[in-house]
Amino acid sequence: MLQAEVEETIKRIQSQKGVQGIIIVNAEGIPIKSTLDNSSTVQYAGNVHQLLMKARGVVRDIDPQNDLTFLRVRSKKNEIMIAPGKEIIQKPKQM
Amino acid sequence: MFTDETLDLIGAESTWRKSHQQTQESRSCQTLPVHTAEAETQAKAVLDNSTQTQDQISQTLSLDQNICHFPGLLDFLHRAEDVVTKELVKNSKSHAFDGFEVNWEDQNESVSCMHRLQHVDAQERGLQVTSVSWNCTGSVIGCGFGRVDDGDWSNEKAYVCMWNLDRQKLNPKRPDVIIGVVTPVMCLCFHPLKPSVVAGGLYSGEVLVWDTSRSQDLILSQTGMSADTHREPVYRVSWVPGARRGEFTLLSAGSGGRVLLWTVDGAEAKLILSSGYALVQQQVPQSGAASKTPGITNIEVTSVALSPWDLDTFLVAVPPDGESVTLRAPVQFSFSTRGGPVHSVHFSPFHRNLFVNVGTDSLAHLHTVLQPRPLLSLRVSDSYTFGVRWSPTRPLVFAAATGQGLVQMFDLGRRSLRPVATIDQNTSGQPTYCLEFNPKHTNLMAVGNADGSVSIWQLSAELTEQGAKETAMLEQLANEVAD
């Protein structure tokens, strides 16, 4: 049952407009679920984890009561959206 | 009578002893006082460091694990889904970034000629540059000299020359490496992984592999001449990925209708034939008129393009009825160009179905492998066109080398079909035979001319930087397959 629900949720997000792929990463930064191919997943997960930690550090440094809720990295070709919660990362693409 | 007598001593003085002394001289010298000084030093802190390369271990992911391993996952997903969906919707409606462009580097506004490389001996003998190739690191440009306009068997000695453009003391008139070759060189291709290994095909049908890192005899291996090898000029050599990762075999295509695959045997210095295809007129499926010549005739191969997407597929250009695509079995499909011999074919690095070809009909044709007729035909020049290459960075841009000594660059994203840039090689009307984009420094382009010179051009930012929607436009173009 749980498996099916998780798959459903991922499918719902994937069906949003412009989403290229979704990667779910655990607390250590290791991907546990992904809709992209293996090599891309590994690349994204590794790089984004470090960026997320740094961004979170910046926010809490400026105001210790504050915390990071969302991170968006916009590039020429697409955009990476990261929703931490216990470091979970997703990557949608915008046209 | 007899008495004792003592006489005085009588002595004779030595004459020579004195004169010896008189010729004696004595000299003495002494150095100036030597200055010495002492000093001591001692390192206060010592740091040790070492590096080592490591084999690339491909990481294996276990992505389909059971969800019960991750207890909090579902809760988290419920929370995150709302947030993410809201952001996605907002993003798709937002106009905040419309027209927003960022430039990290200085934009190069114009196309300029960086170097004009020549080999004086080859130019004096009137040899032409038949092919150019960059090595895998993008720092060395190699060119092969030969003749394209000669119809007869030629035994003229030719050269393969290389310049290292990253060296500071680059002398454009003197190549760094000059390899003498027995017959004219028709094609050249550097190894995709080893920066010093280069393969070349000759007019006599021989294929050679040189290794410029060797101090003596540069020939790594060669085919020699036998019944199995080419007997006609070899027009294209190319390195093809082999069975194992990191291994490459050499593909050569020549006039006799043969496309052969060779493995390099460094120990024996020979190229060993591993497989081959002979193109025969009977096997080519004709899309239009039936073949008029009876009997089996070998087809002349003028150009070969390897698909970067599908390792089993390559395009072979044959005159005059068109080209064919071959897989491991005999010819699978045939495309018509209706124009004349095809001089050059190139697969698009951005779309698996598209390729462009040029020939003697002064047009560049854009084809998809799904249909025999071209998708688009652009007017390139008033005479023959000898080479065409897609840009490695911009999916919609390709460059063509014409018989008038111009390189025309086209941008399929523009509405007008006229060239977006025309680069004059300054060869006073002599043709330009070949061009190659640098794989690492993608704003550099090498062009080989009939007057025996190689020009290195630095392209403007407009021609090399990819725009936002180019891949999508290319996809759209490829999908315009007529029903």
Taking B:Glu105, is it modelled with pLDDT under 85, within 14 Å of chain A (Cβ to nearest Cβ) and more than 30 Å from A:Glu8 (Cα to Cα)? yes
Given the conditions (1) assigned to a strand (DSSP E or B); (2) over 19 Å from B:Gly138 (Cβ atoms), every one holds for B:Asp228 apart from (1)
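Mind counting the residues in region B:175-195 that are more than 18 Å from B:Glu436 (Cα to Cα), out of contact with any His (no Cβ under 8 Å at 6 or more places or on another chain) and part of a loop (DSSP other than H, G, I, E, B)?
The total comes to 5.
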Filter region B:78-125 for residues that are touching a helix residue (DSSP H, G or I) at 6+ places or on another chain (Cβ under 8 Å), assigned to a loop (DSSP other than H, G, I, E, B) and buried (at least 16 other Cβ atoms within 10 Å of the Cβ) and give the result. B:Asn108, B:Val111
One residue from B:Gly405, B:Gly413 being more than 14 Å from chain A (Cβ to nearest Cβ), of a type in the set (Gly, Ala, Ser), touching a residue at least 24 places away in the same chain (Cβ under 8 Å) and touching a helix residue (DSSP H, G or I) at 6+ places or on another chain (Cβ under 8 Å): B:Gly413
Selection from region B:196-222 of residues assigned to a loop (DSSP other than H, G, I, E, B) and farther than 17 Å from B:Tyr159 by Cβ yields B:Ser196, B:Gly205, B:Ser213, B:Arg214, B:Ser215, B:Gln216
Among the numbered criteria (1) surrounded by 14 or more Cβ atoms within 10 Å (Cβ to Cβ); (2) out of contact with any helix residue (DSSP H, G or I) (no Cβ under 8 Å at 6 or more places or on another chain), which one does A:Leu71 miss? (2)
Can we say B:Val397 is modelled with pLDDT of 85 or more and β-branched (Val, Ile, Thr)? yes
Within the group A:Gln3, A:Gln94, A:Gln14, which residue is at pLDDT below 85, within 11 Å of another protein chain (Cβ to nearest Cβ) and under 24 Å from B:Gly72 (Cα atoms)? A:Gln3
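The values are calculated or read from the model by the stated rules, or taken from the named source; none is laboratory data. Because the structure is predicted, anything quoted here is derived from the model rather than measured. No Cβ is skipped: glycine too gets one built from the backbone with ideal geometry, and neighbour counts run over all protein chains shown.
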